[in-house]
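Engineer: Can you keep this structure in mind? I'll have questions shortly.
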Amino acid sequence: MLAHQQQDGTVLRVFTDAYGGRSRPPYAPPGAPGQGLNLGSHVGDDPHAVAANRSLLAARVGVDASRLVFLNQVHGAEVVQVDGPCSGPAGDADGVVTTRPDLALAVLVADCTPVLLADPQAGVVGAAHAGRPGMLAGVVPATVAAMRDLGARDITAHVGPSVCGRCYEVPEQMQQDAAQRVPESAARTWSGTPAIDVATGVVSQLSALGVPVTWVPGCTVEQDRFFSYRRSGATGRFGGVVVRRERGSR
Ligand SMILES: [Zn+2]
């Protein structure tokens, strides 16, 4: 279920994988039918399976399922602030921040880069979803800025598994356009053709802002334990979740 978890004071950050849920293929990894942990409600999976998967995740991070916050991700740079449970997506946005405890912020991916941000001392957490457009639009710097507006000072970032630069082939013009805005994103594929490394672009943006990074290994295209749109087309979504627990709560 979890590819990575880290507790930092009162803040828990996790990245899920594709295993340990209730979804069936193509929303489950090869060899694990009926075990897929697809968290995406917009990809054609059985809604009951998605709800069950989200409940399993909520239990794992120690919140009620109603306190898992999702976005309607649109590949932009909008950031929303949430102050309580949401009955549906918290907004059309790719970044989300909160100062409230026991509210678990989730971003969903299947090749894009998930970023989990926190300043445990200030009690501010955030999450961002950065694909190529979001990285270029600056959704991660925008999420850091929103957190600093809320009083965050010592933010650290965890960057989750995503498609690596060697696996993200693009037309040369697209690579050059991206490199004009984020030079570090220029990459080459395993066969030497032009590529974009979105995660490296995000990490460079975080470094420029003075935000220390923990980069969690894993290429979604190369590793079956993650969902990959580029590898599979119809597929599920895994996610990153950050939650600050009220001291004394479970
Ligand atoms: Zn790769």
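Engineer: Kindly state which helices (runs of 4 or more DSSP H) lie completely within segment 113-183 and contain at least 1 residues that are within 16 Å of the ligand (Cβ to nearest atom), in contact with a Cys (Cβ under 9 Å, 6 or more places away or on another chain) and in contact (Cβ under 8 Å) with a residue 60 or more places away in the chain.
Structural biologist: 132-137
Engineer: Of the numbered conditions (1) out of contact with any helix residue (DSSP H, G or I) (no Cβ under 6 Å at 6 or more places or on another chain); (2) open to solvent by less than 20 Å² (accessible area, probe 1.4 Å); (3) closer than 18 Å to PHE226 by Cβ, GLY21 fails exactly one; give the number of that condition.
Structural biologist: The failed condition is (1).
Engineer: Output the number of the condition that SER87 fails; it satisfies all remaining conditions of (1) of a type outside the set (Val, Ile, Thr); (2) surrounded by fewer than 24 Cβ atoms within 10 Å (Cβ to Cβ); (3) within 18 Å of the chain's Cα centre (by Cα).
Structural biologist: Checking SER87 against (1) of a type outside the set (Val, Ile, Thr); (2) surrounded by fewer than 24 Cβ atoms within 10 Å (Cβ to Cβ); (3) within 18 Å of the chain's Cα centre (by Cα), the one that fails is (3).
Engineer: Out of segment 73-89, which residues are in contact (Cβ under 8 Å) with a residue 40 or more places away in the chain and assigned to a loop (DSSP other than H, G, I, E, B)?
Structural biologist: Once the filter is applied, which keeps residues that are in contact (Cβ under 8 Å) with a residue 40 or more places away in the chain and assigned to a loop (DSSP other than H, G, I, E, B), segment 73-89 yields GLN73, HIS75, GLY76, ALA77, GLU78.
Engineer: Which residue is farthest from the ligand (Cβ to nearest atom), if the candidates are limited to segment 222-244 and must be surrounded by fewer than 19 Cβ atoms within 10 Å (Cβ to Cβ) and in a loop (DSSP other than H, G, I, E, B)?
Structural biologist: ALA234
Engineer: Considering only segment 62-72, how many residues are part of a helix (DSSP H, G or I) and surrounded by fewer than 16 Cβ atoms within 10 Å (Cβ to Cβ)?
Structural biologist: The total comes to 2.
Engineer: Of the residues that sit in segment 199-215 and are surrounded by fewer than 18 Cβ atoms within 10 Å (Cβ to Cβ) and aliphatic (A, V, I, L, M), which one is nearest to ALA127 (Cα to Cα)?
Structural biologist: VAL213
Engineer: Does segment 188-198 contain any residue that is open to solvent by less than 60 Å² (accessible area, probe 1.4 Å), away from the ligand (no atom under 14 Å from the Cβ) and not aromatic (Phe, Trp, Tyr)? Break it down stepwise before answering.
Structural biologist: Residues of segment 188-198 open to solvent by less than 60 Å² (accessible area, probe 1.4 Å): 189, 192-198.
Right, trim to away from the ligand (no atom under 14 Å from the Cβ) and you get 192, 194.
Okay, now just the ones that are also not aromatic (Phe, Trp, Tyr), so 192, 194.
The answer is yes, given that some residue of segment 188-198 is open to solvent by less than 60 Å² (accessible area, probe 1.4 Å), away from the ligand (no atom under 14 Å from the Cβ) and not aromatic (Phe, Trp, Tyr).
Engineer: Shifting gears a bit: Quick check on SER191: is it part of a loop (DSSP other than H, G, I, E, B) and among the small types (Gly, Ala, Ser)?
Structural biologist: In short, yes.
Engineer: Could you tell me which residue of segment 92-110 is farthest from GLU169 (Cα to Cα), considering only residues that are part of a loop (DSSP other than H, G, I, E, B) and open to solvent by less than 20 Å² (accessible area, probe 1.4 Å)?
Structural biologist: Here the answer is LEU103.
Engineer: Does segment 202-214 contain any residue that is modelled with pLDDT of 95 or more, on the phi > 0 side of the Ramachandran plot and either touching a Phe, Trp or Tyr at 6+ places or on another chain (Cβ under 9 Å) or in a loop (DSSP other than H, G, I, E, B) (or both)? So that I can check it myself, show each step before the final result.
Structural biologist: If we filter segment 202-214 for residues that are modelled with pLDDT of 95 or more, which is where we start, we get 202-214.
Checking which are on the phi > 0 side of the Ramachandran plot leaves us with 210.
Add one more test, that the residue is either touching a Phe, Trp or Tyr at 6+ places or on another chain (Cβ under 9 Å) or in a loop (DSSP other than H, G, I, E, B) (or both), and what stays is 210.
Yes, that holds for at least one residue.
Engineer: Anything in segment 116-135 that is farther than 11 Å from ILE155 by Cβ and buried (at least 24 other Cβ atoms within 10 Å of the Cβ)? List them, or say none.
Structural biologist: ALA127, ALA128, HIS129, ALA130, GLY134, MET135
Engineer: Run GLY233 past the list (1) within 17 Å of the chain's Cα centre (by Cα); (2) modelled with pLDDT under 95 and report the number of the one that doesn't hold.
Structural biologist: Every listed condition holds for GLY233 apart from (1).
Engineer: Run VAL63 past the list (1) of a type in the set (A, V, I, L, M); (2) farther than 28 Å from ARG231 by Cβ; (3) without any contact (Cβ under 8 Å) to a residue 24 or more places away in the chain and report the number of the one that doesn't hold.
Structural biologist: With (1) of a type in the set (A, V, I, L, M); (2) farther than 28 Å from ARG231 by Cβ; (3) without any contact (Cβ under 8 Å) to a residue 24 or more places away in the chain applied to VAL63, the lone miss is (3).
Engineer: Does segment 38-61 contain any residue that is in a loop (DSSP other than H, G, I, E, B), on the phi > 0 side of the Ramachandran plot, at pLDDT 95 or above and open to solvent by less than 40 Å² (accessible area, probe 1.4 Å)?
Structural biologist: No, segment 38-61 contains no residue that is in a loop (DSSP other than H, G, I, E, B), on the phi > 0 side of the Ramachandran plot, at pLDDT 95 or above and open to solvent by less than 40 Å² (accessible area, probe 1.4 Å).
The values are calculated or read from the model by the stated rules, or taken from the named source; none is laboratory data. Everything numeric here is computed off the predicted structure, so don't read it as measured data. Because the Cβ atoms are built from the backbone with ideal geometry, glycine has one as well, and the counts that use them run over all protein chains shown. Protein only, heavy atoms only, side chains kept; ligands, DNA and RNA dropped before computing areas. Shrake-Rupley method; radii C 1.70, N 1.55, O 1.52, S 1.80 Å.
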